Each structure stands twice: as structure tokens, then as C-alpha cells.
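Written out below as C-alpha cells is the structure these notes cover.
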Amino acid sequence: MFPIEAGDINPEKRIIPHLPAPRWFDGQRVAESRQGTLTEYCNSLMNLPGKISRCNHLLNFFKVRPDDLKLPTDSQVKKPETYLVPRDGKSNVTDITGPIILQTYRAIADYEKSSGSEMALATGDVVDVVEKSQSGWWFCQMKTKRGWVPASYLEPLDSPDEAEDPEPNYAGEPYVTIKAYTALLEDEMSLEQGETIEVIHKLLDGWWVIRKEDVTGYFPSMYLQQAGQDTDQAQSRIKRGAPPRRSSIRNAHSIHQQSRKRLSQDTYRRNSVRFLQQRRPRARPGPQSPGSPLTEEEEPPKTERPKPQPAVPPRPSADLILHRCSESTKRKLASAV
């Protein structure tokens, strides 16, 4: 981004100071120490030769933005939601001075960590989510502590559940199981390694709703890989087991009075079967063979369209009626009048 000393492109002789980002973000320093690190880094940038310290890139780096003049609010109920990575995947080089404000969540129950990479939680702990993984394990920070936490143990402060869950896609996406799993609850599915299934609903807690033929159920997303991709590489990324589901958490305490209603497996199955029946080709009229995929009971009901009603003509006027009626009728009407 910045120029290098003329005639020398050796990275070790770059005059741009190095920001110790890995050491600064590994949890060994407190917030005050991080601010000191940034202060030293900014001072070293401004003390560089004039061709660098006064170039447009550096001036834009220190330029005050309108948001920098707004004082932070004291409300801890809800913080602005700004992701580390934009949703569209695009980043702007000139936007590097933007503040990183993480999403804030609250623990609904106590969680004991089972490995050194995880972080223990107590009911009511407020954490900032740094990364949301599709596996259902989220990387969080709380003061000087950092680690992976099951998403099922967290809830947003402003709503009982996530509002980012996509709608079910009953057309399904083909996936392959990269690890076997034995169901522990009635609404889960047991599958062996290497089976091909369809994912119809991706949930943020890492438990996706899958379909195999006409059967649906929950399955850990970290044991799935998109069809056609390298499954060996995906298996090497499995470092921990599936996260616990919210239905299995005991003594869960939410600060919200009502939780959002989630779809039941009966609803998933019913909608999935209806979609599959509509997608299958209609059977030709005639006697059905024993191996026919659809029977009369399974065939979706046909909705009959109402027959169009004839248009009612407008009522004729009194003058038109008198003109068209017979002379005798005219005389009777005239005598009556």
C-alpha cells in the first residue's frame, strides 16, 4: 500500500513499521495495552519520511470520519451490528479506519468447556461474537478471555432468537456425510459416512434439517460436505464434536418472555412430502401398476376452479319497457297511472 525505499524491494528493509496483529489479538494483552500498541504504531507512521507520512494513503488513514465524532451511547441493551467481514464479501481499502463493533450476546445457561480452545460461560455472561461458524461453534470474547462457545447457549439481547435463519428450501441442496452420527433425540437422523442427503434448512446453531427420501430430521452440519467437493479435506477440519442443541440444555434461562416459534419435524415432513409430490411427474390416466410411485391416496388433491357465472345484464329503464310491451299493457299501465 505504501512505497518502499527506491531500488530495494527486500521485505526486511521496508520502512513501513509492522503492526503485531497476531500477538495483539491472541488474548494475552488487555484493552489498554492494545490501545498503546496502536498509539505506538500510529506515531511511527507519522515519523516516517515526508514522501510517506504526507502521502494520500496515510492522510486518508488518519482522516476524521463523521462517525468518529459521535460519542458512544451508554446503553448496553443493544449495540450496532457491524460484522468483521461484510456480507457481500467486498472490502474497501479506504475504509480501514472504520470501527469494529461486534455483536453482543448473553449466555442462557452455564457451560463447562471441554477443551483448551473453548470458553466457559456462566448464566448471564455477556460476550462479543467475533466469528459465527456454520458448525454451530462461535468464537467469542469476554474481557480478556476468548474461545469457542456453542451458539445454542447464546441469545441476542434484543430478541429471544436469531432473526437471520433462512427460510426452508424444500428443493434441497445435495450434501454428503463425512462422518457417521447416531441420533440421540427423536427428531434427529442417524447416518453412516458417505451417504448422500439433501439439506432443506440451515440453522445457525449448527443443526441442519436434512432429507433422505421422504424422511427428515436434524443432523450436525459439521459432519456434512457439499456434494462434489473434497471430503478428505473436510474431515481434517473436524476438531471437535457436534455442539449441544438448545433442547438438550437444562436450566436454560432467557431474559425474553416469549421465544420465537420454530418449525416442528412434522411440519418439515408434511411440507417436504407435498413438495416432492408436486415435483414428481403426474401419472397418465389408466390402471396403475403395482410399482407406480403414486397411488390414488398419495396423489395430491386437485382443486376445481369455479365455473364462470353468466354476466347479469343491467335493468332496462321504464321508457324502454313501455316501448317494447304490447298495446294492451300500455293501456293497463296508462289507466293505472
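Against the numbered list (1) more than 23 Å from Ile108 (Cβ to Cβ); (2) modelled with pLDDT of 90 or more, Ala151 comes up short only at (1). Taking the criterion of being part of a loop (DSSP other than H, G, I, E, B) and without any contact (Cβ under 8 Å) to a residue 60 or more places away in the chain, the residues of the stretch 101-113 that qualify are Ile101, Leu102, Glu112, Lys113.
Selection of the stretch 196-238 for residues being hydrophobic (A, V, I, L, M, F, W, C) and assigned to a loop (DSSP other than H, G, I, E, B) yields Leu203, Leu204, Ala227, Ile238. Only a single item in (1) touching a residue at least 40 places away in the same chain (Cβ under 8 Å); (2) among the charged types (D, E, K, R); (3) open to solvent by 20 Å² or more (accessible area, probe 1.4 Å) is not met by Glu167, and it is number (1). Residues in the stretch 159-178 that are part of a loop (DSSP other than H, G, I, E, B) and hydroxyl-bearing (Ser, Thr, Tyr) were compared, and the one that is modelled with the lowest pLDDT is Ser159. Of all residues in the stretch 179-195, those satisfying the criterion of being in a loop (DSSP other than H, G, I, E, B) and either in contact (Cβ under 8 Å) with a residue 60 or more places away in the chain or open to solvent by 40 Å² or more (accessible area, probe 1.4 Å) (or both) are Lys179, Ala180, Thr182, Leu184, Leu185, Glu186, Asp187, Ser190, Glu192, Gln193, Gly194, Glu195. Can you find, within the stretch 204-244, the residue that is surrounded by the most Cβ atoms within 10 Å (Cβ to Cβ) among those that are modelled with pLDDT of 90 or more and among the basic types (Lys, Arg)? Ranking the candidates gives Arg211 first. Is it the case, given these coordinates, that Ser91 is under 28 Å from the mean Cα position of the chain (by Cα) and at pLDDT below 85? Answer is yes for this residue.
The test for being modelled with pLDDT under 65 and either within 36 Å of the chain's Cα centre (by Cα) or open to solvent by 100 Å² or more (accessible area, probe 1.4 Å) (or both) holds for Lys302. When each of Asp74, Asp110 is tested for being under 27 Å from Val149 (Cβ atoms), modelled with pLDDT of 85 or more, open to solvent by 70 Å² or more (accessible area, probe 1.4 Å) and not basic (Lys, Arg), the lone residue that passes is Asp110.
The values are calculated or read from the model by the stated rules, or taken from the named source; none is laboratory data. In this text, all values refer to a predicted model and were calculated from it rather than measured experimentally. Glycine gets a Cβ as well: all are built from the backbone with ideal geometry, and neighbour counts include every protein chain shown. These accessible areas exclude ligands, DNA and RNA; they are computed on the full protein's heavy atoms, side chains included. Shrake-Rupley method; radii C 1.70, N 1.55, O 1.52, S 1.80 Å.
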